[in-house]
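In what follows, a structure is listed as structure tokens, so that the remarks can point back to it.
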Amino acid sequence: MKSVYNALVKLGLSQQVTVTTSHSFIIMSNSFPPSSGDPQHVSLNYVLFQPNPGSIDPVTNLHYDNMLYAQIDAVYAAIKALGHTDIEVKISETGWPSKGDPDEVGASMQNAEIYHSNLLKRIEMKQGTPAKPSVPIDIYVFALFNEDLKTGPSSERNYGLYYPDGTPVYNLGLQNQGQGGYFPEMVIES
């Protein structure tokens, strides 16, 4: 990563191109409370950014109303525990499957629409997490398209905002620019 970044600096592209690496959240042995960097049962509303009582981190006394921000602050706490305070955290992949196998609780079109709609509202507010409220979060949504040929559980094929033919899986208000959406209708040529 350092070599790639140094090359971008030499080319004058370090402000336009961001170098990141992904880490599975599995690297965190504990993620609750966020300051510890121990999963526990959480409500679907907590995960979907819906109204809920939230949780209080007993170490920092910070209130969390959603799981994503708690996870992000768990990463910040882990980085700080390693002696770093200057490492920027970017969310390279978050999303919700619109369909899943019978044992994949919560994987539904309705929950995917709720998750992404509420996520977009949070992004639009440019807010940070409870531990870093003034640091907006860079978030990349997974994924643009459903991956029909991907192996594994059904959910793995159904994270996309669009079907492979370019039609939306559900309405997030991203289409039909003239009707309050962000983008014109997508056309995929075969």
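The table below gives the values:
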{"quantity": "Cβ-defined net charge surrounding residue 122, 13 Å radius [Lys, Arg +1; Asp, Glu -1]", "calculated": "-1"}
{"quantity": "Cα shape, segment 38-151, gyration tensor, a/c 1.5 rule", "calculated": "prolate"}
{"quantity": "Long-range amide H partners of residue 162 with built H, under 5 Å", "calculated": "145, 146, 169"}
{"quantity": "Filter on 10/80; 2/132; 2/150; 99/150; 90/150; 121/150 - keep pairs with C-alpha separation over 22 Å", "calculated": "10/80; 2/132; 2/150; 90/150; 121/150"}
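Where a number appears in this text, it was derived from the coordinates with a stated rule and is not lab data. Predicted, not measured: the structure shown is a model, and the values here were computed from it. FYI the Cβ positions are ideal-geometry reconstructions off the backbone, even for glycines, and counts take in every protein chain you see.
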